[in-house]
Amino acid sequence: MATKVAPELLKDVCAEHNLTHVKTEEKNPLPSAEDVQQERHHLEHLQNVEAFNAGQLQHTRTKERVMLPDSSMLLEEKNRERHLNNISEFLRTELRPTEPLEKVVLPDIITIAQEKTEEELKSGIEQFDKDQLRPQKTEEKNPLPDKDAIQQEKREVNIRKSLTEFEKGNLKHVKTEEKNPLPDATVIGQEKKEVELRSEISDFDKSKLSHADTQEKNPLPPAEAIQMEKKIEQHIKGIENFKKDDLKHAETQIRERLPSKEDIALEKASGDK
């Protein structure tokens with residue numbers, strides 16, 4: 001199936017355009033002073049990393065701790081055990097039988113359009129030519145930690161020391177109180193409404209429903225769309241039957257751009273520093 005295109009785009013493609021001939025110019029500018037300075041900083045950083053002395057690092061020992069559960073965790077565990085006991089003691093005989101209803105919903109226009117776009121994307125990915133990609137060099141960076149990271153690491157070490165040296169004897173004994181409040185009038189009313197709704201749904205009479213006939217519509221495209229489709233096909237045929245011999249030869253001019261006086265002055269100043 002041919003993909004549909006917006007009529008505004010088709011008019012722009014099929015319209016005649018008066019294009020002017022332009023000569024291509026190849027430029028090969030030299031690197032700026034900032035690029036040269038960044039390259040120098042990068043080389044200095046790599047030299048500092050290679051010359052780093054690992055003997056200056058300090059040895060640290062890790063301490064393993066076994067934390068006891070607090071009162072909130074114990075309450076959660078008790079509530080979980082009660083919930084599991086209630087589930088195991090639940091009687092299935094109290095459940096009411098229900099009949100499942102199978103529904104087959106047709107997709108709308110939006111889902112169909114999304115499906116078409118996904119198929120076009122998949123076809124474009126499968127037909128993608130890897131030879132059009134340009135090779136790129138990856139740069140590996142391993143920056144050293146800054147002052148903020150070192151201070152944060154020191155704070156974490158101090159916090160860990162204070163936790164390990166904490167004395168449990170300073171803690172006070174607290175008794176936990178278990179509460180099991182009964183539901184109020186609003187909760188009971190909501191529960192009654194849910195029970196009534198379920199009973200109405202289970203006792204619903206299907207014979208009261210009225211029969212409805214579905215109408216399938218498949219509108220044909222208008223005359224303007226058919227004419228635009230024909231123009232596109234003619235335009236594609238013209239592109240396929242295009243002859244390269246009709247093209248004119250053009251000579252490319254290679255230009256090398258020298259740095260300005262300001263760039264030379266900045267380069268000298270950076271070299272003096």
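The values are calculated or read from the model by the stated rules, or taken from the named source; none is laboratory data. What you see is a predicted model, and the numbers here were worked out from it, not measured in a lab. No Cβ is skipped: glycine too gets one built from the backbone with ideal geometry, and neighbour counts run over all protein chains shown. With ligands, DNA and RNA removed, areas are computed over all heavy atoms of the protein, side chains included. Shrake-Rupley method; radii C 1.70, N 1.55, O 1.52, S 1.80 Å.
Of the DSSP H helices in the chain, those that are both long (alpha-carbon extent of 20 Å or more along the helix axis) and hydrophobic (Kyte-Doolittle mean at least -0.5) are 109-126. Mean sequence separation of contacting Cα pairs (under 8 Å, at least six apart), scaled by the length of the chain, corresponds to a relative contact order of 81 percent.
Counting Cα-Cα pairs of region 46-114 in 5 Å increments starting at 0 gives whole-percent bin shares of 3, 9, 6, 6, 6, 6, 6, 6, 7, 10, 8, 8, 7, 6, 5, 2. Within the full protein context, the accessible area of S210 is estimated at about 110 Å² for a probe radius of 1.4 Å. Using heavy atoms of the protein chains and a probe of 1.4 Å, the accessible area assigned to E224 is about 140 Å².
Match the structure shown to one of the listed values (i) 27, 21, 17; (ii) 64, 56, 16; (iii) 26, 25, 17 of semi-axes √(5λ) of the Cα gyration tensor in Å, computed from it, and give that label. Read-out from the structure maps to (ii).
From the residues L75, L95, P107, which one has its Cα farthest along the dipole of the chain in the positive direction, the dipole being from +1 and -1 charges on Cβ of Lys/Arg and Asp/Glu about the Cα centre? Going by the charge dipole, the pick is L75.
Positive end of the dipole of the chain (Cβ unit charges, origin at the Cα centre): among G124, L182, S199, the Cα lying farthest that way belongs to L182. Among the trypsin sites (Lys or Arg not before Pro) in region 48-91, those placed in a DSSP loop whose Cβ has at most 10 other Cβ atoms within 10 Å are R61, K63, R65.
Result for the chain in a Gaussian network model with C-alpha springs under 10 Å: among A212, A15, A149, the largest mean-square fluctuation is at A212.
Given a Förster distance of 51 Å, report the FRET efficiency between E156 and E200 from their Cβ-Cβ distance, rounded to the nearest 0.05. That pair, E156 with E200, gives E of 0.25. Protein heavy-atom surface of region 75-225, 1.4 angstrom probe: 53% of the accessible area is carbon and sulfur, with nucleic acids and ligands not counted.
Heavy-atom accessible area for E240, with the other protein chains in place and a 1.4 Å probe, reaches approximately 140 Å².
Heavy-atom accessible area per residue, region 43-99, 1.4 Å probe: how many Å²? I get 111 Å² per residue for this part. Ordering E81, E64, E140 by accessible surface, largest first, gives E64, E140, E81; the 1.4 Å probe counts only protein heavy atoms, with every chain in place.
Extension gain for K172 to N18 (0.36 nm times residue separation, less C-alpha to C-alpha distance): 46.5 nm.
With a cut-off of 20 Å on the backbone N, the residues of region 36-54 near the modelled label site 7 Å out from I264 along Cα-Cβ are 36-37. The alpha carbon convex hull volume per residue for region 113-185 rounds to 402 Å³. Can you give the FRET efficiency for Q58 and S32, using 1/(1 + (r/R0)^6), R0 = 41 Å, r = Cβ-Cβ distance, to the nearest 0.05? Using R0 = 41 Å, I get an efficiency of 0.45. Gain on full extension, evaluated as 0.36 nm per residue between D70 and L182 minus their Cα-Cα distance, stands at 37.7 nm. When E177, E156 are compared by accessible area at a 1.4 angstrom probe, the order from most to least is E177, E156.
Taking a sphere under 12 Å around the Cβ of E200 and counting the other residues whose Cβ falls inside, with K and R at +1 and D and E at -1, yields a net charge of -2. Roughly how many Å is it from the Cα centre of region 165-210 to that of region 89-144, as a whole number? Region 165-210 and region 89-144 have Cα centres spaced 37 Å from each other. Rg over Rh of region 76-226, using C-alpha atoms and the Kirkwood radius, what does it come to? Rounded to two decimals, Rg over Rh is 1.21.
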